[in-house]
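The values are calculated or read from the model by the stated rules, or taken from the named source; none is laboratory data. As the structure is a prediction and not an experimental result, all values here were calculated from the model. Glycine gets a Cβ as well: all are built from the backbone with ideal geometry, and neighbour counts include every protein chain shown. For accessibility, only protein heavy atoms count, side chains too; no ligands or nucleic acids. Shrake-Rupley method; radii C 1.70, N 1.55, O 1.52, S 1.80 Å.
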Amino acid sequence: MQTIQPKAAALLISTTQPQLERIPRGLIGNGPPSLQKPATIKPFGDLPRIGKYWHGHGGVYTGIMRGEKGLPDYHLITAVDPLAIVSDIAWADGYDKQHGACSDVDGIANTLYLCASAINHPAAQWASKLCIDGLSDFYLPARHEARLMYINLPGLFDLDDWYWTSTQLAVNAGCAWVQGFGNGYQSHYRKSNEYSARAVRRILIIE
């Protein structure tokens with residue numbers, strides 16, 4: 001099995017929102033210039049079991065997510081390094097609607113959009129600034145990605161806490177979705193509330 005390790009890049013080419021593919025370096029909040037280009041991997045090969053640490057890939061193997069709008073499917077990896085876990089962090093300092101952060105699936109697109117906003121988005125900016133094991137393509141998971149994390153990895157989370165997703169509530173600009181890991185319930189709360197967050201990254205599956 002041959003893997004291609006990600007290299008630092010100014011462009012992100014795997015997002016459901018093409019307008020985000022060429023965000024200038026200076027617009028990614030207070031974090032690094034950009035997220036790395038996602039790594040790629042062949043569809044068949046030696047994968048760790050779900051819940052096992054995937055050496056060289058920054059975390060625990062979480063499972064496969066379907067690509068959206070013709071984009072490749074991908075392996076979701078949940079970071080376990082203490083640097084990739086934070087508590088008491090807000091989703092945003094303001095309540096303006098973030099039109100590009102409503103995807104239920106594409107956490108990378110949501111994260112990039114939030115980091116490029118004129119409003120401070122602490123959880124997304126925190127995730128985008130992470131560099132673990134030489135990798136810097138971490139992001140705040142979208143709502144459906146967080147659901148997969150609950151299904152396959154509930155034991156890695158505080159069962160009594162809420163975890164932010166990068167998905168804004170579409171019908172109320174003042175709220176964003178959170179994931180619970182005790183019973184798997186998802187809810188939405190004011191963006192200024194402070195909850196926990198866990199960073200993830202992905203590896204695209206190529207034919």
So how much slack lies between Ile64 and Asn183, counting 0.36 nm per residue of separation and subtracting their Cα-Cα distance, in nm?
40.7 nm
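Which of the peptides 138-147, 178-187 is most tightly packed, and how do the rest follow, going by the mean number of other Cβ atoms within 10 Å of each residue?
Descending packing order for the listed peptides: 138-147, 178-187.
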Testing the spin-label approximation: label points 7 Å from Cα along Cα→Cβ at His55 and Asp96. State their distance in nm.
4.7
When a/c reaches 1.5 or more, the comparison of a/b and b/c decides; with that in mind, is segment 138-183 rounded, prolate or oblate per its Cα gyration tensor?
prolate
Leu71 to Ile206: extension gain in nm, 0.36 nm per residue of separation minus the Cα-Cα distance?
47.6 nm
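First check a/c for segment 46-95, with a ≥ b ≥ c the square roots of the eigenvalues of its C-alpha gyration tensor; if it is under 1.5, answer rounded, and if not, answer prolate when a/b is larger than b/c or oblate otherwise.
oblate
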Asn172 versus Leu83: modelled label distance in nm, points set 7 Å from Cα along the beta carbon direction:
3.6
Leaving ligands and nucleic acids out of the surface, order His188, His75, His55 by accessible area at 1.4 Å, largest first.
His55, His188, His75
For Ser103, distant residues with modelled amide H under 5 Å away:
Gln168
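For Lys191, Lys129, Lys97, write out the residues from largest to smallest accessible area, computed with a 1.4 angstrom probe and no ligands counted.
Of Lys191, Lys129, Lys97, the descending order of accessible area is Lys129, Lys97, Lys191.
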Please report, as a whole percent, how much of the solvent-accessible surface of segment 47-153 comes from carbon and sulfur atoms (probe radius 1.4 Å).
52
